[in-house]
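Each value in this text was obtained by applying a stated rule to the coordinates, not by laboratory testing. It should be emphasised that the depicted structure is a prediction, and the values quoted were computed from it without experimental measurement. Note that each Cβ is placed from the backbone with ideal geometry, even for glycine, and that neighbours are counted across all protein chains shown.
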Amino acid sequence: MRKIVYILIIASAIIGGCSALKRTGAGKIQPSEEASGAILTDVIRNNISNYGFNISRADITYSIDGVSGKLTAGIKSKGRDTLLVSVRHTTGVEIARIFLTADTLLINDRINRRVMYGDPEYLEKRYGIERNMIMLVLGDIFLMQVDRNRNENCQKGILSMQTRLEDGRINYEIDCKLRKITGANLSRASTNDRITIRYKNFIKRGNHYIPGRIEVEDMKNKAVIRVEIRSVEIPWKGNIEFVHGTRYKIMRIK
């Protein structure tokens, strides 16, 4: 189940195993030039976490420490407070489901017929991740203290930006025309841990853009994961329900 949760987290877009990302948030932006400040303002405004969305199908291929496979996933978000992630076998049978709010974490383990409940902090304690990681992999930008020494002008249509974290940094590549990130490199200061994310084939829905193809490489966990988003609705105002299942064992996450 741990490997399934890891795949669920990474492929559906939480990044695991990188403590440099703990306590990442949408902090104050401190650009040194007005031009880059205007671009960053637009990029943050374009974060899909600002709106409800429904990714009804995402095809996933993965290779983790020599083990390869395929899955499908669905992700629903209602504002910034409620998120539901579902992972299914390629036959359509649901394997696991995660329901996440500001103060609640529910994991439905369909394989072992159990529902686990606890606090969102469990994800950080066990996997070194938090909610913001989900949206980062889906192409949202999060900035803390921006490094003023980095280039803050567009070069060939790309703006390079770095945000420093408690134990590392994130380097962003921003498409100045699209106002979306096209790449993110996450690293720790104390180790050689590195995670690289690439965003391609952007899908437009009204005034919103979301990457149609996401490629994640996690060096520490020897993982390569590719996500192809096949169907997405944004903005989305539907309901999110967490189905427990009958006669499931209820367990508290510790």
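Report the calculated FRET efficiency for ASP42 and ASN185 (r = Cβ-Cβ distance, R0 = 22 Å), to the nearest 0.05. Step by step, r from the Cβ atoms, then E = 0.50. Local charge for ILE158 was computed over the other residues whose Cβ lies under 11 Å away, with Lys and Arg +1 and Asp and Glu -1, and equals 0. The residues neighbouring ARG110, those whose beta-carbon lies less than 11 Å from its own, together hold a net charge of +2 under the Lys/Arg +1, Asp/Glu -1 convention. Here the peptides 76-85, 62-71 are ranked by packing, the mean other Cβ count within 10 Å, and the order with the highest first is 76-85, 62-71. Taking a label point 7 Å from the Cα of LYS70 along the Cα→Cβ vector, which residues of segment 203-236 have an amide N closer than 13 Å to it? The answer is 228, whose backbone nitrogens lie closer than 13 Å to the label point. Distance between the modelled labels on ARG80 and ARG226, one decimal in nanometres: 3.4 nm (7 Å Cα→Cβ projection).
Near GLY183, within a Cβ-to-Cβ distance under 12 Å, what is the net charge of the other residues, with Lys and Arg +1 and Asp and Glu -1? Neighbourhood net charge equals -1.
Anything over 22 Å Cα to Cα? Flag those among LYS177/LYS220; LYS78/LYS222; LYS177/LYS200; LYS76/LYS220; LYS156/LYS180; LYS70/LYS200, in the order listed. Don't jump to the answer; show the numbers that get you there.
Numbers: LYS177/LYS220 33 Å; LYS78/LYS222 33 Å; LYS177/LYS200 14 Å; LYS76/LYS220 29 Å; LYS156/LYS180 15 Å; LYS70/LYS200 20 Å.
Flagged as over cut-off: LYS177/LYS220; LYS78/LYS222; LYS76/LYS220.
Rounded to the nearest Hz, the phi-derived 3J(HN,Hα) couplings of segment 106-113 under the Karplus curve 6.51 cos²θ - 1.76 cosθ + 1.60 (θ = phi - 60°) are 10, 10, 9, 8, 5, 5, 9, 6, where x marks glycine and proline. For ILE234, ILE141, the sequence from fewest to most other C-beta atoms within 10 Å is ILE234, ILE141.
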